[in-house]
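One structure is given below, encoded as structure tokens.
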Amino acid sequence: MYFGEFGGRYVPETLIAPLNELEEAYNSLKDEPDFKKELNEVLQNYVGRPTALYYAKRFSEALTKDIKEMDNNIDSDFDINPKVYLKREDLSHTGAHKINNTVGQGILAKKMGKKKIVAETGAGQHGVATATVAARLGLECTVFMGEEDISRQGLNVFRMKLLGANVEPVKTGSKTLKDATNEAIRYWVSNVSDTYYLLGSAVGPHPYPTIVRDFQKVIGHETKTQINDVEGRNPDYIVACVGGGSNAIGIMHPFIDDDEVELIGVEAGGEKIERGCHAAVLNYGTAGVLHGSKSYLLQDREGQIEPVHSISAGLDYPGVGPEHSYLKDINRAKYGVVDDKEALDAFKLLSSTEGIIPALESAHAIAYTKKMVQSKEFLDENLYNKKNKEPLIVINLSGRGDKDVEQVSDMGVLLDG
Amino acid sequence: MDKYIEYDNSVIEKYFATKNKNNEKVLIPFIMAGDPDLSTTEKLALEILDNGGDILEIGLPYSDPLADGPVIQQSAERAGNVKIAQVLELIKKIRAKTDKPLVLLAYFNPIYNYGTEKFINDFCEAGLNGLVIPDLAFEERDGLEKQAKDKLDLISFIAPTSDENRLKEVAKRAKGFIYCVSVAGVTGVREGFDYQVREAVEKIKNYTDVPLAIGFGISNPDQAKKASELADGVIVGSAIIKKIESLPKKPDNKDFTEIINFIKDLKASLV
């Protein structure tokens, strides 16, 4: 139930019984051959797994070229050449890693005999993935989404409706993911008898953080096999964006015992590091309780949840999955920060070097990789100390950027230079 | 079956016992600290207690109240940036003028942030008798329960979804009163009323003598009467908050007549 001191079950009494029911159902099904077979078939033939692990050669070269141009003192035999691989979750059905979790939980819901699904969504990717699975399984679907996010992510709202979901606008609080989550939980409290709550990230009360992580671990398992096939070894770095943190925990988890692999989560620095202007929870938050579990949070001294901001609706969340809080505290993972502008630059850079438009969420991981590779510490560590001149980096490209193109275009920032 | 032995220094339980001896049921009105402002809350609290309110439940405003419906959530929003220290002062002021039991409804995060032990000690000293934490299930309350022991009652919940084992566990650990959530849902005024919790209420009486109070959705004297037939007390929140919401906006001399008449009607309806 806990990851160190984090996790747990901080919910109204009404939800204890359904959470117990969920835990029992999951524990009895997860290792059952029929369940695994069904899930694997769906992952392969519907989701499109395994997703590719792609060597981003031109992007990798662009990073090194920058270093050489920036630092005239680097001697002429400078030959560090980091190789950046992209784990292509953007190629999954519906365009993001979210579908791994929704197909798993969808099958679970069906086996539990539930007729209705409720979910929350921020950027809309989880809402779309949930609506997709509900359509495929013939379940009624309600998705709560903040009004602010609805205005940012019109395309995904349309997709959800097309898929037959009922999209409920949330007008309370900050009108973003946090409030959509509150409303989804309230809806669940009121409809527990026939409704399955399909939580979209590795957050929430036990057993959700474990269930979501387990369904996302497929990303890390595939990555491990693929990079070992191509390079004959594990990567040196794994980089993934962290909002709630499901794509990050999915790719990190199978590597946790591989000490040589540095695990890096990247949080949204938003406009600036001031109250209400960012969402860098693990970097600037404190421990507390939100949405049913104990984890790091952005909160004021009174324990009231702070407003947050990110250019990316999927990272715009004041909490984080409890397992990340644990990995931070035991120093197994590092968490960096990338601001809105850096993410936008990376959005453009990957698009122009590789012909891949990343989700704004994933662009945070790309931007961090750029900063990291061009940092003195990285050069010291790899070029001078380890003499590892071809460090291997895997970025989890958690989603594609189609949903963000209109928003970025409206900002008018990309074509300037 | 033997009932679990209840502890004997609870102000709340003694209050219930006195009322029950006179064949009276207990009315527990809920108001939010700071809605619309702290001085109004203080005046209103005392008026309510003078006119039929037995135990007052005061809310600590919270940004993300998971167990509450829109009426109480908006009440917390109207209360705005009320600080814990101000609520502490409010409790002291009300305590100075009444001997009736006072309970605080607070979500766990502000308590955790303040420091659980300090929170309990400070509020106990201020004169609080009970603490209702809607998002703190048994699984997470061991530490707090120890800290609260002999200082104030940590109120337990049962819901229509609580199974037999759960009811036994609640019975074993209950103090003050047991908050019986009438329906699987959030707080809020409901038109018709179906007491889904009836079965759980009947069952838990086999295991404990700690008083039972039914809440969530009770919005008029008729519903209050029906709830009081099942239990020892009735909790009314959203319906009162709706009346506070429509108080005239004048800063002083607020007219509480409508609210007070409502409290009197509710009290009179209890069987």
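Summary of computed values
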| quantity | calculated |
| --- | --- |
| As computed over chain B, the Cα convex hull volume per residue (Å³) | 116 |
| Crossing angle, helix A:98-111 versus chain A [Cα axis fit, 0-90 degrees, rounded to tens] | 20 |
| Overall form of the range A:180-328 per C-alpha gyration tensor (a/c, 1.5; a/b vs b/c) | oblate |
| Chain lengthening between B:ALA96 and B:GLU117 when straightened (0.36 nm per residue, less Cα-Cα) | 5.2 nm |
| Size of electric dipole in the range B:159-221: Cβ of Lys, Arg +1 and of Asp, Glu -1, about Cα centre, debye, nearest 20 | 260 |
| Charge dipole magnitude, Cβ of K and R +1, D and E -1 - the range A:261-387, Cα centre, debye nearest 20 | 360 |
| Which of A:VAL230, A:GLY220, A:PRO205, positive extreme of dipole for the range A:190-236 (C-beta unit charges) | A:PRO205 |
| Given A:LYS98/A:LYS294; B:LYS97/B:LYS175; A:LYS111/A:LYS217; A:LYS371/B:LYS83, the pairs whose alpha carbons are separated by over 30 Å | A:LYS371/B:LYS83 |
| Distance between modelled label sites at A:MET112 and A:SER409, nm, 7 Å Cα→Cβ extension | 4.0 |
| Pairwise FRET efficiency - B:GLU199 versus A:LYS389, Cβ, R0 = 45 Å, nearest 0.05 | 0.05 |
| Per-q log10 I(q)/I(0), the protein assembly as shown, q = 0.10 Å⁻¹ (Debye; single scatterer per alpha-carbon; no solvent) | -0.92 |
| P(r) weight above 20 Å for the range A:100-237, C-alpha pairs, percent | 48 |
| Residue among A:GLN407, A:PHE255, A:ALA180 farthest towards the positive dipole end of the protein assembly as shown, charges placed on Cβ | A:ALA180 |
| Other protein chain Cβ atoms within 10 Å, averaged over every residue that makes up A:173-182 | 2 |
| Under 5 Å, built H, 5+ apart or other chain: amide partners of A:GLU120 | A:PHE144, A:GLY200 |
| Rounded, prolate or oblate (a/c below 1.5 giving rounded, otherwise prolate when a/b exceeds b/c) for the range B:120-271 by Cα gyration tensor | oblate |
| Positive-end extreme of charge dipole, the range A:120-165 - chosen from A:GLY146, A:LEU162, A:HIS126 (charges on Cβ) | A:LEU162 |
| Placed amide H near A:GLU306: partners under 5 Å, 5+ positions off or other chain | A:LEU298, A:GLN299, A:ASP300 |
| Candidate aspartates and glutamates for bridging to A:LYS175, where Cα separation is under 16 Å - those fewer than 8 sequence places away on the same chain excluded | A:GLU120, A:GLU147, A:GLU148, A:ASP149, A:GLU183, A:GLU306, A:ASP316, B:ASP64, B:GLU77 |
| Cα shape, the range A:316-406, gyration tensor, a/c 1.5 rule | oblate |
| Between helix A:125-137 and chain A: long-axis angle, C-alpha atoms, 0 to 90°, nearest 10 | 50 |
| For the range B:127-141, Karplus couplings with θ = phi - 60° (6.51, -1.76, 1.60), whole Hz, Gly/Pro x | x, 6, 10, x, 10, 10, 10, x, 10, 10, 6, 3, 3, 10, 10 |
| Exposure proxy ranking, count of Cβ atoms within 10 Å, fewest first, for A:GLU5, B:GLU191, A:GLU267, A:GLU361 | B:GLU191, A:GLU5, A:GLU267, A:GLU361 |
| Which of A:GLU323, B:GLU245 has the fewest Cβ neighbours within 10 Å, and the rest in rising order | B:GLU245, A:GLU323 |
| Check: the protein assembly as shown dipole with +1 on Lys, Arg Cβ and -1 on Asp, Glu Cβ, in debye | 1120 |
| All aspartates and glutamates inside 18 Å of B:LYS203 as judged from Cα atoms, apart from same-chain residues fewer than 8 positions distant | A:GLU13, B:ASP2, B:GLU6, B:ASP163, B:GLU164, B:GLU169, B:ASP194, B:GLU229, B:ASP232 |
| Exposure proxy ranking, count of Cβ atoms within 10 Å, fewest first, for B:TYR107, B:TYR62 | B:TYR62, B:TYR107 |
| Ratio of Rg to Rh over the range A:127-183 (Cα coordinates, Kirkwood Rh, two decimals) | 0.98 |
| GNM top mover of B:ASN51, B:ASN220, B:ASN23 - chain B, alpha-carbon springs below 10 Å | B:ASN23 |
| DSSP-defined beta bridges in chain A - what % are antiparallel, rounded to 5 | 30 |
| Cα-based reach from B:LYS146 at 12 Å (exclusive), listing aspartates and glutamates while leaving out same-chain residues under 8 positions away | B:GLU117 |
| Structure-based [θ]222 nm, chain A - -39500 (n - 2.57) summed over DSSP H runs of at least 4, per residue, nearest 500 | -13000 deg cm²/dmol |
| FRET E, pair B:ALA17, B:VAL271, Förster distance 30 Å, beta-carbon r, rounded to 0.05 | 0.95 |
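We did not get these values from a lab; they are worked out from the coordinates using the rules stated. Worth saying up front: this structure is predicted, and the values here are computed from it rather than measured. Ideal geometry is used to build each Cβ from the backbone, glycine not excepted, and the neighbour counts take in all protein chains shown.
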